[in-house]
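I have placed the structure first, in the form of structure tokens, so that the comments after it can refer back to it.
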Amino acid sequence: MCELLGMSANVPTDINFSLSGLIPRGGKTGPHKDGWGITFYEGLGCRTFKDPQASAISPVARFVQEYPIKSEAVIAHIRQANRGNVSLENTHPFTRELWGKNWTYAHNGQLKGYQSLETGRFRSIGQTDSEKAFCWILNQLESRYKRTPVNWPAVFRFIAALASQLKQKGVFNMLLSDGRFVMAYCSTNLHWITRKAPFGKAKLLDQDVEIDFQQHTQSDDVVSVISTLPLTGNESWQRIPAGEFVLFDRGVRIL
């Protein structure tokens, strides 16, 4: 399996603290040594950094940690390969254009029978079940909505229904973002936490690192973090029930 990390915030925010908790799990404190990647949204654009090396030893991971990019939406992934070889093209997250937006996706799990999924104009570049499922979701969206939709909560409810279909093929934990919304669908394991005033201290589980968010935030900041497993030991993380999803808009959970 792999591990997922996502963030949704109402102001540009760096994810370095959470990233410091995830990166050691890629080959040091965890077995997810087959690559890692992260996408930061900036307006309509996005920056993606990937490396097929384990995140715990990746020079790209060190670069990203030393270059704290602030973003309102982030998707990250550390990989333990099961479908497709260890290579850059098979490294998550994956990004495609739909309705003039960059959609970014990462998946944790393993699917059977995915080869028959119809993907239309959305083609896989690598060999993973994950990327194939992403292309199928986008094709289903494009087929259902003949023009750019306006009711976005309804769109994400439809995506959740598609994710439930994929869950029938195996394990399907997913993060998805269009740059504004961040969605998490749980098949087996996903947790989330929202941090807002009054801010407190948090301590990572995988490293001896503690932060006092009060020193780094404003009173109206809202930041939500999604992770396969909780990253801190002194905060109350919410577990997403199997077969359900959560949707965040600029840090606030709306579904």
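Under 5 Å between amide H atoms, partner at least 5 residues away or on a different chain: which partners does GLY35 have, H built in plane at 1.01 Å?
Amide H neighbours of GLY35: ALA54, SER55, ARG79.
Within the stretch 110-144, whose backbone N sits under 15 Å from a point 7 Å along Cα→Cβ of THR188?
Residues passing the 15 Å test: 110-112, 130.
How much length would be gained if the chain were fully extended between PHE63 and GLN127, taking 0.36 nm per residue of separation minus their Cα-Cα distance, in nm to one decimal?
That works out to 20.3 nm of additional length.
Provide the net charge surrounding ALA161, with neighbours chosen by a C-beta distance below 15 Å and charges set as Lys +1, Arg +1, Asp -1, Glu -1. Don't skip to the end; give the middle numbers.
Working: positive: ARG144, ARG157, LYS167, LYS169; negative: GLU244.
Local net charge: +3.
For Cα extents along the principal axes in Å, pick the label among (1) 43, 42, 33; (2) 53, 44, 30; (3) 49, 39, 32 that corresponds to the value derived from the coordinates.
(3)
Work out from phi, with θ = phi - 60° and the Karplus expression 6.51 cos²θ - 1.76 cosθ + 1.60, the ³J(HN,Hα) of each residue of the stretch 236-252, listed in order in whole Hz, and give x for Gly and Pro.
With coefficients 6.51, -1.76 and 1.60, one gets 9, 8, 9, 8, 7, x, 4, x, 10, 9, 10, 9, 10, 10, 6, x, 9 Hz.
Kirkwood hydrodynamic radius of the stretch 147-204 from all distinct Cα pairs, in Å?
Details: mean 1/r = 0.0726 Å⁻¹.
Across the stretch 147-204, the inverse of the average 1/r is 13.8 Å.
If you build the convex hull over the alpha carbons only and average its shadow over all orientations, what do you get for the stretch 93-217? Give it in nm² to one decimal.
Approximately 9.9 nm², given one-decimal rounding.
Mean separation of Cα pairs under 8 Å and 6+ residues apart, divided by the residue count of the stretch 1-128: what relative contact order is that in percent? Display every interim value, and only then the final one.
Values: 257 pairs, mean separation 39.5, N = 128.
It rounds to 31 percent for the stretch 1-128.
Of LYS50/LYS132; LYS28/LYS203; LYS33/LYS169; LYS50/LYS112; LYS70/LYS101, which sit over 28 Å apart, Cα to Cα?
Exceeds cut-off: none, every pair is within range.
Whole-Hz ³J(HN,Hα) for each residue in the stretch 108-122, computed from phi via Karplus 6.51 cos²θ - 1.76 cosθ + 1.60 with θ = phi - 60°, x for glycine and proline: what do you get?
Result, rounded to whole Hz: 10, x, 8, 10, 10, x, 6, 4, 7, 5, 8, 10, x, 7, 8.
Of the peptides 27-34, 205-212, how do they stack up when ordered by the mean number of other Cβ atoms within 10 Å, highest first? Walk me through the intermediate numbers first.
Numbers: 27-34: 19.2, 205-212: 13.6.
The most tightly packed comes first, giving 27-34, 205-212.
Once you've got the GNM for the chain with C-alpha springs shorter than 10 Å, pick whichever of ARG144, ARG157, ARG79 has the biggest mean-square fluctuation.
ARG144
Pairs of Cα atoms under 8 Å, at least six residues apart: use those to get the relative contact order of the chain, whole percent.
The normalised contact order for the chain reaches 23 percent.
Once you keep just the Cα pairs under 8 angstrom separated by 6 or more residues, what percentage relative contact order results for the stretch 65-118?
29
Within the stretch 191-221, which residues have the backbone N less than 15 Å from the label spot 7 Å out from GLN238 along Cα→beta-carbon, could you tell me?
Of the residues in the stretch 191-221, 191-197 have backbone N under 15 Å from the label point off GLN238.
State the Cα centre-to-centre distance between the stretch 215-255 and the stretch 72-108 in whole Å.
That distance is 20 Å.
Nearest 10 degrees is fine. How inclined is helix 129-144 to the longest principal axis of the chain, computing both from alpha carbons?
Taking Cα atoms only, the helix is inclined about 70 degrees.
Quick check on the stretch 41-175: of the DSSP beta bridges with both residues there, what percent are antiparallel, nearest 5%?
The answer is about 100 percent antiparallel.
Ordered by residue, what ³J(HN,Hα) values in Hz, to whole numbers, does the stretch 8-17 give under the Karplus form 6.51 cos²θ - 1.76 cosθ + 1.60, where θ = phi - 60° and Gly and Pro are x?
Per residue, the Karplus-derived 3J(HN,Hα) values read 9, 9, 8, 9, x, 9, 8, 10, 4, 4 Hz.
Could you check which residue among ALA197, ALA160, ALA106 shows the biggest mean-square fluctuation in a GNM of the chain with a 10 Å Cα cutoff?
Highest fluctuation of the listed residues: ALA197.
Arranged from highest to lowest average of other beta-carbon atoms within 10 Å per residue, in what order do the peptides 37-43, 136-142 appear?
Final packing ranking: 37-43, 136-142.
Taking the dipole about the Cα centre of the chain, with the C-beta of Lys and Arg at +1 and of Asp and Glu at -1, give me whichever of SER219, TYR105, LEU162 is farthest to the positive side.
LEU162
So between TRP152 and GLN218, what do we pick up on full extension, going 0.36 nm a residue minus the alpha carbon distance?
20.9 nm
With every protein chain left in place and a probe of 1.4 Å, what is the accessible surface of LYS50, to the nearest 10 Å²?
Counting only protein heavy atoms, LYS50 exposes about 60 Å² to solvent.
What value, in deg cm²/dmol to 500, does the helix sum -39500 (n - 2.57) over DSSP H runs of n ≥ 4 give at 222 nm once divided by the residues of the chain? Walk me through the numbers before you get to the answer.
On the way: 4 runs with 47 residues, N = 255.
Value at 222 nm, helices only: -5500 deg cm²/dmol.
The values are calculated or read from the model by the stated rules, or taken from the named source; none is laboratory data. Note that the structure is a prediction, hence the values are computed from the model and not measured. So basically every Cβ, Gly included, is an ideal-geometry build from the backbone, and we count neighbours across all protein chains shown. The area values use the complete protein model at the heavy-atom level, side chains included, leaving out ligands, DNA and RNA. Shrake-Rupley method; radii C 1.70, N 1.55, O 1.52, S 1.80 Å.
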